[in-house]
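Nothing in this text is a laboratory measurement; each read-out follows from the coordinates by a stated rule. Here the structure is a predicted model, which is why all the values come from computation and not from measurement. Cβ sites come from the backbone with ideal geometry, for glycine too, and all protein chains shown count toward neighbours.
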Amino acid sequence: MSRFVMLSGPSCVGKGPLYSALRKFYPDLAGRLKQIVLYNSRDPRPGEQEGVDYFFRSRAEIEELAKRPGFTSAVVRGDLQAIEVASIQAILDQDKDAFFEGNPFIPAKLGELKELQEIPTLRIFLSPLSQQEIFFLKNPEQRTDLEKLLPDIMRRKLLRRTKRQKINLSLKDLENIEKRVASAIVELREAWKFDYVIPNHDGEDSEHWDAFYYPIGDARKALLAFAALLQSETPSDVERWEKDLVP
């Protein structure tokens, strides 16, 4: 039976390279997934393609789209994104799994729609911290503020990723990074709504995805866990989070 597969997590947590690794090492599993293309008000990043990664439109155009029946939208890290709900059903009608890879706010919006509530779903959240690490960091004895630590973790990842894409960072690049950094803790609070959480310390900035041909480290663990979940297996290293885990 076809289903709606959602892979979400903070910016630069590793969603893109995880999906790329699935296509490379598990082509049969990846072949069942057909990616949903959203509308996005931001400019394309280096290497992104129109109609493949997003439909890149002005904010005003997307605001008009969002007013139409059959569309839903959300503000994502300062950008406006929209999705045509019929595009999900169109993929399912082809006996494929509709696949969303991105932020957790669009899945939350889609979950509110009655027309999608009868569709089988698999919701996976990729997290830069494990449940055990969050418990440890929340302990008052550690004198650690998770709301300050997580942005620092994600800022380093985003800076490294952006420097790999561009030699010199502009003020606009740095402002964009800070928007994503500020959103990370908000997005982590959404993880409890997902069926499974995969901890992954190897973000998009990590060489562990492709520098050695085969993924290594957490990149490999995340790939194996993702593949297992797509095969309706439950690997031992995936987690399920309680609502109040992230303060």
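Residues whose amide H comes within less than 5 Å of that of residue 72, counting only those at least five positions distant or on another chain, are 83, 85 (H built at 1.01 Å from N in the peptide plane). Most simply put, the range 4-230 has about 30% antiparallel DSSP beta bridges, counting only bridges with both residues inside it. Counting only helical runs of four or more DSSP H residues, what would the 222 nm mean residue ellipticity of the chain come to if each run contributes -39,500 (n - 2.57) and the total is spread over all its residues? Using -39500 (n - 2.57) per qualifying helix, the result is -12000 deg cm²/dmol. Based on Cα contacts under 8 Å between residues 6+ apart, the range 4-230 shows a relative contact order of 30 percent. At full extension, residue 45 and residue 160 could sit 39.9 nm farther apart than now, given 0.36 nm per residue minus the alpha carbon distance. Local charge for residue 90 was computed over the other residues whose Cβ lies under 14 Å away, with Lys and Arg +1 and Asp and Glu -1, and equals -3.
In this simple spin-label model, placing a label point 7 Å from the Cα along the Cα-to-Cβ direction at both residue 178 and residue 220 gives a separation of 4.0 nm. Pairs exceeding 25 Å between alpha-carbon atoms, taken from 24/172; 138/243; 15/148: 24/172.
Stretching the chain fully between residue 145 and residue 32 yields a gain of 36.5 nm (0.36 nm per residue, less the alpha carbon separation). State, to one decimal in nm, how far the label point of residue 152 lies from the label point of residue 192, with both points 7 Å from Cα in the Cβ direction. Distance between the two pseudo-spin positions: 2.6 nm. Each 10 Å bin, from zero up to the one with the longest distance, holds this percent of the alpha carbon pairs of the range 1-64: 18, 44, 31, 8, 0.
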